[in-house]
Each structure stands twice: as structure tokens, then as C-alpha cells.
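Undergrad: There's a structure below that I have some questions on.
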Amino acid sequence: MSTLANTPTVTVMGATGLTGGKIARRLLAAGARVRAIGRNPDKLAALERAGAQILAGDGLDPAFLARAFGGADAVYTLLATDRQAPDYAARQHEEGQAIAEGLRASGARRVVALSSLGADQAEGTGVIAGLHAQEERLKQIAGIHLLLLRPVSFFENFYDALGQIREAGLMADTVAPDIAVPMIAAEDIAEVAAQALLARDWSGVAVRELLGQRDLSHNEVARILGERIGKPALAYVQLSEADMAGVLVGAGLSPSFAGLYIEMTRAFNEGRVGPRQGRNAANTTPTRFEDFADELAAAYAAM
Ligand SMILES: NC(=O)c1ccc[n+]([C@@H]2O[C@H](COP(=O)([O-])OP(=O)(O)OC[C@H]3O[C@@H](n4cnc5c(N)ncnc54)[C@H](OP(=O)(O)O)[C@@H]3O)[C@@H](O)[C@H]2O)c1
């Protein structure tokens, strides 16, 4: 069935997640037909009420994905990944293969794929290397127009720090305290992705780096967040790799994920993950960490 040009059908993977949920809502608001993918129909129900067609299924199943992608004017893909997977890289590989196979079988021609800064490198970047492999896999699909979005360090990652602040009174990670990283709100990624899925105006393989409003160090994040939650002296402490691995595994994440996470932060510290195009108006996005910090502060207060 053909679709009217102004009412495209868009399939959104990870529709109950951070970026996919925000993209699906923007597309619905713009009048698109949205097919929302997740595993759990209950979690997808709110999007169904908002007008989406919900497709509950396993993103590791290429036949399910081929049905979900088939006939769509555009598709948003991501590696959902499971931080408890015993072999995280193997899981990224399995998910990536299923997506590529599903896309090939579906005949979908226009794909916006969530990737990361650092995905230009094949190795030495931990979890990001799996996104490099996925970029390469998607590039091999004949005839698709592929837009690779490369943000890094979502503001939302700091939700994970709230429990640590509550329990230990500090923030801790392996990233060096003064290294400024291009951090970004998932809302800003969703805005760019939704606009691209609606406009479908690029051709071939395109890369779009997304750098957030400005680069931020962990020291600066601790200062801003500390002020918002009534702890102006909140400190950021750089942990050793061994201590960080202990924290991650203690929180229930797999040793495999912990190892790749730490390799990624080592790449940050050594300056190996960064923009290739330099900051400019097109890759700078509006949301300031100061604004997002209100959300974090509300979540902290509710703990
Ligand atoms: N966080 C960062 O700083 C950062 C930076 C750059 C890139 N990235 C990349 O961003 C990606 C994650 O994107 P996100 O944060 O938007 O997602 P997310 O919030 O982690 O959500 C994952 C989504 O995938 C769904 N899902 C999980 N397993 C599934 C499966 N087997 N089959 C079908 N659906 C499944 C989940 O739905 P249900 O649970 O409801 O099934 C959920 O909607 C990762 O590839 C990560 O590497 C993250």
C-alpha cells in the first residue's frame, strides 16, 4: 500500500527507550504513521494510546524485524544491547546482524541509525567498537540511504549517579575529572532523528555528529548537579579501573560490559573519542546541562 508523501510510515526501534520513545512521540505529533517496536506490549501501551501501531517482538529475530520494517518510508534503528549480557560484544554483534538481515529482507530504503562519536574507529573504544561494526554492516546493504547519528555521553547517564550520590555523597567514574566531553540530552538526539525521518532528504551514507550544547567535564557536572540538589560541595572522584569494574559488577552489570565500559572511558581519557568535524552550528544542539539538571534533581528528591 502506498503512503501519502505527507504521512510517512516510520518504524521506530527501541520505542520504549530513551531516544526511540522521544522520536516516536515527535513523529506522531507531526502526523506520521508510527510503528513502535519493543519487547513488552504493556510498556508500549502509552504509545498505542498516542496513536502508534505497536509491534511487540524480539529485536534478535530478523523475520520479526523484516515485517516491522517492510513498507516503511523510513526506519530508526539502534542496538538495544543488554548490559547484563555475559558477552556484551557478542550480543551487539547478534543484534546488529538481525537488524541488517531484517533491513535487507524488508526492502526498506531509508534508515536513521543511532551510533556514537568514536564509531569511526574499529577497536580500542570498548562498547563503541560494536557501533563501528554496526555502521559497517549497515553500509554494506545495497541501495539504502543511511544516516548515522553520532552523539556521545547522554545527560541521562547521570541518572545512574543518583544512587551513588545518595549513598556515598559523591560521584565516581573512571573518566578524568577535567576532560571535557560533548554531552547531550536524548531530547536533542530525538529532535534531529525525527526531523531526518520526516524529511528523508539525504542520499547515500551520511554521518551527523551531535555534540550537545557544549563540552562538559565531570567536575563541571558535579558542580552544576550539586548546586541543584542542595549539595554545593558535591565532588567527582576518578576511580581506578579496577575499582570501577567492581562498582559496575556490584551493580549487576556483566564483567564483559564492565570491561568494555572501562575501555571506552580510557579512550575518552586518551582523547581518542571526539568529533571529526569540529564544533559548529549544525552539530551543536540546544539543551544545556543546567536545564536537564532540574530533571535529575527531581528524580533525586523523589528517591
Ligand atoms: N548512553 C549514551 O551515552 C550513549 C551514547 C552514544 C550511543 N549510545 C547508544 O545508544 C543505544 C541505546 O539507545 P537508547 O538509550 O535510546 O535505548 P535504551 O533507553 O537503552 O532502550 C533500549 C530500547 O530497546 C528495547 N529493547 C531492548 N532489548 C530488546 C530486544 N531484544 N528486542 C526488542 N527491543 C528491545 C527496549 O524496550 P523494552 O525493554 O521495552 O523491550 C528499549 O525500548 C546503544 O546502542 C548505545 O550504545 C548511548
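The values are calculated or read from the model by the stated rules, or taken from the named source; none is laboratory data. Because the structure is a prediction, the values reported are computed rather than measured. Cβ placement follows ideal geometry from the backbone for every residue including glycine, while neighbour counts extend to all protein chains displayed.
Undergrad: Is at least one residue of segment 41-56 touching a helix residue (DSSP H, G or I) at 6+ places or on another chain (Cβ under 6 Å), buried (at least 16 other Cβ atoms within 10 Å of the Cβ) and more than 22 Å from Ala194 (Cα to Cα)?
TA: No.
Undergrad: Right, next: Kindly indicate which of Ala98, Ala108 is crowded, with 23+ Cβ neighbours inside 10 Å, farther than 16 Å from Glu263 by Cα and more than 8 Å from the ligand (Cβ to nearest atom).
TA: Ala108
Undergrad: Among the residues of segment 69-86, count how many are without any contact (Cβ under 8 Å) to a residue 12 or more places away in the chain and more than 14 Å from the ligand (Cβ to nearest atom).
TA: Number satisfying all stated conditions: 0.
Undergrad: Of the residues Ile165, Ile179, Ile141, which single one is surrounded by fewer than 19 Cβ atoms within 10 Å (Cβ to Cβ), closer than 24 Å to Glu241 by Cβ and β-branched (Val, Ile, Thr)?
TA: Ile179
Undergrad: Separate question: If a residue has to be out of contact with any Leu (no Cβ under 8 Å at 6 or more places or on another chain), surrounded by fewer than 21 Cβ atoms within 10 Å (Cβ to Cβ) and hydrophobic (A, V, I, L, M, F, W, C) to count, how many in segment 182-204 make the cut?
TA: 1
Undergrad: Quick test for you: out of Val237, Val207, Val221, Val247, pick the one residue that is exposed (fewer than 15 other Cβ atoms within 10 Å of the Cβ), in contact with a strand residue (DSSP E or B) (Cβ under 8 Å, 6 or more places away or on another chain) and at pLDDT 95 or above.
TA: From the options Val237, Val207, Val221, Val247, the qualifying one is Val237.
Undergrad: Another one. If you go through segment 131-182, how many residues are within 16 Å of the ligand (Cβ to nearest atom) and polar (S, T, N, Q)?
TA: Of the residues in segment 131-182, 4 are within 16 Å of the ligand (Cβ to nearest atom) and polar (S, T, N, Q).
Undergrad: I would also like to ask the following. Thr81 versus (1) over 23 Å from Ser254 (Cα atoms); (2) at pLDDT below 95: which is the lone unmet condition?
TA: (1)
Undergrad: Can we say Gly278 is more than 21 Å from Gln134 (Cβ to Cβ) and buried (at least 19 other Cβ atoms within 10 Å of the Cβ)? Before you say what the answer is, go through the steps one by one.
TA: On the way: more than 21 Å from Gln134 (Cβ to Cβ): yes; buried (at least 19 other Cβ atoms within 10 Å of the Cβ): no.
So Gly278 does not fit the description; no.
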